[in-house]
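The values are calculated or read from the model by the stated rules, or taken from the named source; none is laboratory data. These figures come from a predicted structure and were not determined experimentally. Just the protein is used for accessible areas: all its heavy atoms, side chains included, with ligands, DNA and RNA removed. Shrake-Rupley method; radii C 1.70, N 1.55, O 1.52, S 1.80 Å.
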Amino acid sequence: ILSKKELDEAKNTATKKAISLYDVLVQNYSVDKKELNKKIAAFYKVNYVDLSTVTPDTELLKMIPEVVAKKNLAVVFAHDKNGIHLATADPENKKFIANFSKRIGSDVVLYFADEESITNLLANTVPEDKDLTTLLASLHTAKNTEKAEDVPIIEIVNKILGMSFKNKSSDVHIEPHE
């Protein structure tokens, strides 16, 4: 795709600008994302999937809690006789992959997908919801109001409990002074 000299220049640019080499290659060197993704998948000896062409079952997406999926840049997009098909932007995250495989008790067929594709898939398939940060900010704003219905306490508690349930948390701790 690039000469050794161009690749070295791209690495230097990525380091100087504190951005990923992937982004530098796509933005500054007009490297085709699909071709780059295929090369990365081949390097890691995993399959490649173009998530923009996939419409996953929402039940499959729920196999990885949303918070965990975003943190580990991974999504389940298919299930067949070969196992669960997992796309990740980090095929070297062996700990996550092993834990996921152990938790589901099934074979995992690993795929590479770029970060943007995974993020877009999650954003377009997970229902929109107020995030906890927004709710807490509205609580801070509502401190000066006198009406109890203006304070989103129930919504905040529901969100915390829902996140805890999705992430299979055993308990929830709330520090009143934070």
Using Cα atoms only, what is the angle between the long axis of helix 4-17 and the major principal axis of the chain, expressed in degrees (0 to 90) to the nearest 10?
20 degrees
On the accessible surface of the chain, probed at 1.4 Å, how many percent belong to carbon and sulfur atoms?
53 percent
Per residue, accessible area of region 1-140 with a 1.4 Å probe, heavy atoms of protein chains only, in Å², comes to 63 Å²
Sort H79, H173, H85 from largest to smallest accessible area, using a 1.4 Å probe on the heavy atoms of the protein chains.
H173, H79, H85
Starting from the Cα coordinates of region 25-72, work out the convex hull volume and express it per residue in Å³.
115 Å³
Express the C-alpha Rg of the chain as a ratio against the empirical globular expectation 2.2 N^0.38 Å, rounded to two decimals.
1.30
How big, in percent, is the set of alpha carbon pairs in region 1-81 lying more than 15 Å apart?
68 percent
In square angstrom, rounded to the nearest 10, how much accessible surface does L161 have for a 1.4 Å probe?
100 Å²
Probe 1.4 Å, all protein chains in place: accessible area of E115 in Å², nearest 10?
110 Å²
Contact order relative to length of the chain, as percent, for alpha carbon pairs under 8 angstrom and 6 or more apart:
17 percent
Compute the helix-to-body angle for 132-142: its Cα long axis versus the longest principal axis of the chain, expressed 0 to 90° and rounded to tens.
30 degrees
Roughly what angle does helix 153-166 make with the longest principal axis of the chain, taking Cα atoms, 0 to 90 degrees, to the nearest 10?
40 degrees
